[in-house]
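Input: a single structure, listed below in structure tokens.
The values are calculated or read from the model by the stated rules, or taken from the named source; none is laboratory data. It should be emphasised that the depicted structure is a prediction, and the values quoted were computed from it without experimental measurement. Every residue, glycine among them, receives a Cβ derived from its backbone with ideal geometry; neighbour counts consider all protein chains shown. The area values use the complete protein model at the heavy-atom level, side chains included, leaving out ligands, DNA and RNA. Shrake-Rupley method; radii C 1.70, N 1.55, O 1.52, S 1.80 Å.
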Amino acid sequence: MKKVLFVCLGNICRSPLAEGLFNHQVQEMGLQDKFIADSCGTAAYHIGEQPDGRSVANAKDNGLIYSHAARQVQDEDFNEFDIIIPMDASNMSTLKKIDTGGSAKLQLMRDYDSGFEGVDVPDPYFGGEQGIQEVYDILNRSTKALLEDLLEE
Ligand code: 4NP
């Protein structure tokens, strides 16, 4: 079983959506016994909260229903997961600071978005509706490419 952890700041917009998309793709391909995803935030602001209502409504319009209770990253995550995927350079920097030498590989989400390697997944929290669909499209592409990449390993 390969375990994937998606990470953003608040764990209510980007990373729970990435988790929902990845787990949905895994189910569609019948790979539930091979891959599982979770998500968390580097910050504690929204612990226990469900994903942002605008992201949930937009995902539903795109055919995805998902839920997640927000949690903050913890020390065990760096050994519990095989790969940890931050949404942006700021999240990556925070993770590198708190990683005390766990076995998990760290890789930016958009390193799996062909042509946009090294680029941040924009934070939609303070943006408008259009930003939310853009984030959905980015994460849909990137999580599919991640799954294909993991299948080749
Ligand atoms: P996320 O978005 O990191 O994609 O979940 C945010 C959610 C909340 C905040 C910032 C970003 N906040 O400042 O509360």
Scanning for something away from the ligand (no atom under 13 Å from the Cβ), of a type outside the set (Phe, Trp, Tyr) and more than 20 Å from Gln25 (Cβ to Cβ), does the stretch 133-144 turn up at least one residue? no
If you check Ile83 against the conditions, is it crowded, with 18+ Cβ neighbours inside 10 Å, touching a residue at least 12 places away in the same chain (Cβ under 8 Å) and within 16 Å of the ligand (Cβ to nearest atom)? no
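Residue-wise test of (1) open to solvent by less than 50 Å² (accessible area, probe 1.4 Å); (2) modelled with pLDDT under 95; (3) within 18 Å of Glu148 (Cα to Cα).
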site	(1), (2), (3)
Ile65	no, no, no
Val73	yes, no, no
Asn79	no, no, no
Asn91	yes, no, no
Thr100	no, yes, no
Met109	yes, no, yes
Ser114	no, no, yes
Asp123	no, yes, no
Gly127	yes, yes, no
Can you find, within the stretch 41-62, the residue that is surrounded by the fewest Cβ atoms within 10 Å (Cβ to Cβ) among those that are assigned to a loop (DSSP other than H, G, I, E, B) and in contact (Cβ under 8 Å) with a residue 40 or more places away in the chain? Asn62
I'm trying to understand the selection: among the residues of the stretch 63-96, which are of a type in the set (Lys, Arg) and not in a loop (DSSP other than H, G, I, E, B)? Lys96
Of all residues in the stretch 97-128 being within 15 Å of the ligand (Cβ to nearest atom) and in a helix (DSSP H, G or I), the one that is nearest to Gln32 (Cα to Cα): Met109
Name the residues in the stretch 129-153 that are among the hydrophobic types (A, V, I, L, M, F, W, C) and open to solvent by 70 Å² or more (accessible area, probe 1.4 Å), would you? Leu151
